[in-house]
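Every number in this text was worked out from the coordinates using simple rules, so none of it is lab data. Predicted model only: the values in this text are computed from it and were never measured. Virtual Cβ from ideal backbone geometry, glycine too; neighbours counted across all protein chains shown.
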Amino acid sequence: MKILIVEDEPDLLESIAQSLEKESFLVEKAMDFDTALDKLLIYEYDCILLDIGLPNGSGLDLLKELKKENRKGSVIIISAKDSLDDKLAGLDLGADDYLVKPFHLAELNARVRSVLRRKKFGGQNTVELRNVSIDFSARTVKINKADLVLNRKEFDILTYFVSNKNRLVNKTSLAEHVWGDQIDEADNFEFIYSQIKNLRKKLKDHNAKIEIQAVYGLGYKLIET
Ligand code: CA
């Protein structure tokens, strides 16, 4: 799961980032309005943590852009002001949640998990696909009730496919999602192919009734078999 933190206070930005990375989220950062806008228009995020008071602009205007572009990521506003007007404006513009600074990082983590669960997996912590069961908070996978051991990237790849079940996933969006925004500067995508190959083999060896199909020249698709 990839999260963008838009926050101009460096200390707060770093502590939020570290706390989310510890929870195995992939974290991207923006410290001012223009950087945030660039990132939001180019990349997709599962969740955006959005400060309102930013150098060169307001987080609420970023929210308007997101709405205009019809982006599907969740948004949690993190604001210094406990202002009802800002809160209502933010929720009106499609924000999913609103947290007033200062907050506990544990509280923020819980809210992030909650909006992601709600949006991606209908509020569930666990998703069952045929004989495969995936627990997103424990980050475990079972096939026919037996544990399937995946490395971190394999788990992230599987989660991304599950949240895009039956949809074509191209390798660029998969790469950005699992490895981060800078991946478009990579020379080649060999490391992605090898992770996917391993994941497909593990699923097959354990008789999973789901399969990651290669769609020649376009990408991949997760299907139930
Ligand atoms: Ca600020």
Q | Net lengthening on full extension, Asn166/Thr126 (0.36 nm per residue, minus Cα-Cα) | A | 12.6 nm
Q) In sequence order, what are the phi-derived ³J(HN,Hα) couplings for segment 166-179 according to the Karplus relation 6.51 cos²θ - 1.76 cosθ + 1.60 with θ = phi - 60°, rounded to whole Hz, with x for glycine and proline? A) 6, 10, 6, 10, 8, 5, 5, 5, 4, 5, 5, 6, 9, 10
**Q.** segment 2-121 shape via C-alpha gyration tensor axes, a/c threshold 1.5
**A.** rounded
**Q.** Extension reserve of the Asp11-Asn144 stretch, reckoned as 0.36 nm per residue once the Cα distance is removed
**A.** 43.4 nm
Q) Using a ≥ b ≥ c from the Cα gyration tensor of the chain (square roots of the eigenvalues), is it rounded, prolate or oblate, where a/c under 1.5 gives rounded and otherwise the larger of a/b and b/c decides, a/b for prolate? A) prolate
**Q.** FRET efficiency for Asp135 and Glu65, using Cβ-Cβ distance with R0 set to 41 Å, rounded to 0.05
**A.** 0.75
Q. Taking 0.36 nm per residue of separation and subtracting the Cα-Cα distance, what length does fully extending Ser114 through Asp187 add?
A. 22.7 nm
Q | Label-point gap, in nm, between Arg152 and Ser194 - each point 7 angstrom along Cα→Cβ | A | 1.7 nm
Q) For the pair His104 and Gln213, how long in nm is the line joining their label points, each one 7 Å along Cα→Cβ? A) 4.8 nm
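Of Lys165/Lys202; Lys119/Lys204; Lys64/Lys87; Lys29/Lys153, which ones are farther than 25 Å apart at the Cα?
Lys119/Lys204
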**Q.** Low-density loop positions, trypsin sites (Lys or Arg not before Pro), segment 136-225 - DSSP coil, at most 14 other Cβ in 10 Å
**A.** Arg139, Lys145, Lys165, Arg167, Lys209
Q: Rounded to the nearest Å, what's the spacing between the alpha carbon centres of segment 1-62 and segment 99-147? Just the number, please.
A: 21 Å
Q.
Need one word for segment 126-224: rounded, prolate or oblate. Basis is the Cα gyration tensor (sqrt eigenvalues a ≥ b ≥ c); a/c below 1.5 gives rounded, then a/b vs b/c decides.
A. prolate
Q. Under the Karplus relation 6.51 cos²θ - 1.76 cosθ + 1.60, θ = phi - 60°, what is the ordered set of whole-Hz ³J(HN,Hα) values for segment 124-131, x standing for Gly and Pro?
A. 8, 7, 10, 10, 10, 10, 6, 9
Q) Of the chymotrypsin sites (Phe, Trp or Tyr not before Pro) in segment 1-104, which ones lie in a loop per DSSP and count no more than 15 other C-beta atoms within 10 Å? A) Phe103
